[in-house]
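The values are calculated or read from the model by the stated rules, or taken from the named source; none is laboratory data. Fair warning: this is a prediction, and the values are worked out from it, not measured in the lab. A quick note on method: Cβ atoms are made from the backbone with ideal geometry, for glycine too, and the neighbour counts reach across all protein chains shown. Remember, those area values only see protein heavy atoms, side chains included, never the ligands or the DNA or RNA. Shrake-Rupley method; radii C 1.70, N 1.55, O 1.52, S 1.80 Å.
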Amino acid sequence: MGDRTYGILGTGALGGFYGAKLQKAGHNVHFLLKSDYPDVKQNGLIVESKDGDFILPQVQAYNEVGKMPRCDVVVVALKTTQNNLLPQMLPPVIKDDGVVLVLQNGLGIEAEIAQIVGNVKVIGGLCFLCSNKVGPGHIRHLDYGQITLGEYAANYHPTGITDKMREIAADFENAGISIEQLEDLLLGRWKKLVWNIPYNGLSVILNARTDELMADIHTRQLVENLMFEVALGAKSTGRLIPESFIQTMLDYTVKMIPYRTSMKIDFDECRPLEVEAIFGNPLRKAEAAGVNLPLIRCLYQQLKFLDGKRKR
Ligand SMILES: NC(=O)C1=CN([C@@H]2O[C@H](COP(=O)(O)OP(=O)(O)OC[C@H]3O[C@@H](n4cnc5c(N)ncnc54)[C@H](OP(=O)(O)O)[C@@H]3O)[C@@H](O)[C@H]2O)C=CC1
Ligand SMILES: CC(C)(CO)C(=O)C(=O)O
C-alpha cells in the first residue's frame with residue numbers, strides 16, 4: 001500500500017466520506033475542519049454508508065492549516081464558494097512533489113489552483129457520490145461513490161493516464177472506492193456537468209427532487225434540452241459528448257434514489273450556492289469560443305438572483 005499522506009481540506013459530506021475511507025484502509029489522513037472541529041477532535045468521525053457503517057473514534061483533526069503537516073496529496077473538498085481561501089490554505093500544506101486533488105464540482109477549478117501551486121501537480125476528480133453531512137463529523141453516504149480522475153495540464157491539454165493518477169487510484173481502490181482514469185480531464189469535467197447543470201439548477205429553481213424532475217414530461221424535456229446545451233458547451237472547447245452519454249445520464253437518474261441535489265440542500269439550508277463554478281465558468285468558457293448557451297444562461301441568472309437575495 002502507498003505510504004502517501006493525505007490532507008483533507010473540508011471534512012464535509014464528500015471530504016469526510018473519502019477521508020474516512022482512506023483512514024479506515026490504513027492511510028495517514030489529516031482532516032481540516034471549521035465548525036465541526038471541536039466535535040471531531042473529541043469524537044472522531046461517524047460514517048453511515050450503504051457499503052457498511054463505521055466509526056473512527058480518533059482522527060488527526062485540525063482547525064488551522066498551519067498546524068497540519070505537509071502532505072503528499074491535498075484533497076480540495078470545500079464547496080467552491082470557499083475557494084477564495086485556497087491561496088492561503090494550499091501553500092503551507094502541500095509538498096513540493098505532492099499533488100492537489102480537486103474533488104469539487106464545476107469547470108476550470110484545476111486551472112485556478114494551478115495558478116496558486118505553481119509546479120505542483122493538480123489532478124481533478126469527478127465524484128459520482130450521494131453523500132450528506134448530517135451532523136458534526138457525521139456523514140451519511142447514500143449512494144454511488146466512484147471517482148473519475150484526470151490530470152491537469154496547461155489549457156486542459158489531455159495528459160493521458162499518468163503515474164501520479166495511478167498512485168492515487170491505487171490508494172482509493174485500496175480503500176474500496178471505485179476509480180476510473182481519464183486521458184482527458186476537460187472532457188470528464190464537461191460530462192459531469194451534463195448531470196449537474198440541469199439537476200442542480202432545476203432542483204433549486206423548481207423546488208424539486210431528481211425523481212420529480214424526471215416524472216414530469218415538461219421538466220424531463222427541459223432536463224434533456226439542458227443536457228444537449230452542455231454538450232454544445234463542451235463542443236465549443238473541442239470536446240465531443242455523444243448523444244448516447246446523455247441517454248445514459250437520463251437512465252442513471254431514473255434509477256437513482258429520489259435525491260435532493262447538493263445545491264438544493266445548500267439552498268434549503270441558506271448556504272451560498274456553487275453557481276459560478278457549475279454555471280458561470282462553463283458559460284464564460286463557451287462564450288470565449290463564441291458560443292451562447294441561452295438555457296444555461298437563463299438558469300444562471302435565476303440562480304444568481306436567488307443566491308443574491310439571501311445575501312442581502
Ligand atoms: N456531497 C456530495 O455527494 C457531492 C459533492 N460534490 C462536490 O464536492 C464539493 C464539496 O461538497 P460537500 O462535501 O457536499 O460540501 P459540505 O458543505 O458538506 O463540505 C464542505 C466542508 O468544508 C468545510 N469548510 C468550509 N470552510 C472551511 C474552512 N475555512 N476551513 C476548513 N473547513 C471548511 C465545511 O465546514 P463548515 O460546515 O463548518 O462550514 C464543510 O464541512 C462541492 O464542490 C460539491 O459540489 C460532488 C459530488 C457529490
Ligand atoms: C451526480 C451526483 C448526484 C452524484 O452522482 C452529483 O454529482 C452531485 O450531487 O453533485
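Can you pull out every residue in the stretch 32-57 that is open to solvent by less than 10 Å² (accessible area, probe 1.4 Å) and of a type in the set (V, I, T)? Selection gives V40, V47. Determine, yes or no, whether Q82 is more than 10 Å from ligand 1 (Cβ to nearest atom), within 20 Å of D36 (Cα to Cα) and of a type outside the set (A, V, I, L, M). Against the criterion (more than 10 Å from ligand 1 (Cβ to nearest atom), within 20 Å of D36 (Cα to Cα) and of a type outside the set (A, V, I, L, M)), Q82 does not qualify. For first residues located in the stretch 126-138 and assigned by TED's automatic domain parsing to the domain that holds I179 and among the charged types (D, E, K, R), partners that are more than 6 Å from ligand 1 (Cβ to nearest atom) and not in a strand (DSSP E or B) and lie 6+ apart or on another chain with Cβ distances below 7 Å form the pairs K133/G16.
Selection of the stretch 265-299 for residues being in contact (Cβ under 8 Å) with a residue 60 or more places away in the chain, open to solvent by less than 40 Å² (accessible area, probe 1.4 Å), under 18 Å from M227 (Cα atoms) and not polar (S, T, N, Q) yields A277, I278, F279, P282, L293, I296, L299.
On the given criteria, is G201 assigned by TED's automatic domain parsing to the domain that holds V223 and over 15 Å from the mean Cα position of the chain (by Cα)? In short, yes.
Among the numbered conditions (1) open to solvent by less than 20 Å² (accessible area, probe 1.4 Å); (2) part of a helix (DSSP H, G or I); (3) in the same structural domain as A288 (by TED's automatic domain parsing), tell me where I168 comes up short. The one condition I168 does not meet is (3).
Within the set A175, A114, A170, the sole residue that is farther than 25 Å from Y62 by Cβ and away from ligand 2 (no atom under 16 Å from the Cβ) turns out to be A170. When each of S35, S49 is tested for being of a type in the set (S, T, N, Q), away from ligand 2 (no atom under 16 Å from the Cβ) and over 30 Å from A286 (Cα atoms), the lone residue that passes is S35. Could you tell me whether W195 is closer than 30 Å to K164 by Cβ, in contact with a Ser or Thr (Cβ under 8 Å, 6 or more places away or on another chain), free of Cβ contacts under 8 Å to residues at least 60 places away in the same chain and crowded, with 18+ Cβ neighbours inside 10 Å? Yes, satisfied. Consider E229 carefully, then state whether it is away from ligand 2 (no atom under 14 Å from the Cβ), buried (at least 20 other Cβ atoms within 10 Å of the Cβ) and either of a type outside the set (S, T, Y) or farther than 14 Å from W195 by Cα (or both). In short, yes.
Any idea which of (1) within 23 Å of F128 (Cα to Cα); (2) open to solvent by 30 Å² or more (accessible area, probe 1.4 Å) is the one I241 doesn't satisfy? All conditions are met except number (2). Listed conditions (1) more than 16 Å from ligand 2 (Cβ to nearest atom); (2) surrounded by fewer than 23 Cβ atoms within 10 Å (Cβ to Cβ); (3) modelled with pLDDT of 95 or more are all met by V29, apart from (2). Of the candidates I123, I217, I139, the single residue that is more than 16 Å from ligand 2 (Cβ to nearest atom) and more than 28 Å from L295 (Cα to Cα) is I123. Do we have any residue at all in the stretch 122-145 that's away from ligand 1 (no atom under 16 Å from the Cβ), under 19 Å from G19 (Cα atoms), of a type outside the set (V, I, T) and open to solvent by less than 60 Å² (accessible area, probe 1.4 Å)? No, that holds for no residue.
Does L187 count as within 20 Å of G238 (Cα to Cα), within 13 Å of ligand 1 (Cβ to nearest atom) and not polar (S, T, N, Q)? Considered against the rule, which asks whether it is within 20 Å of G238 (Cα to Cα), within 13 Å of ligand 1 (Cβ to nearest atom) and not polar (S, T, N, Q), L187 comes out as no. Might you let me know whether the stretch 96-108 holds any residue that is within 12 Å of ligand 1 (Cβ to nearest atom), modelled with pLDDT of 95 or more and over 23 Å from A20 (Cβ atoms)? Yes: one or more hits. The residues listed here are D53, D36; of these, the one that is more than 15 Å from ligand 1 (Cβ to nearest atom) and more than 18 Å from D171 (Cα to Cα) is D53.
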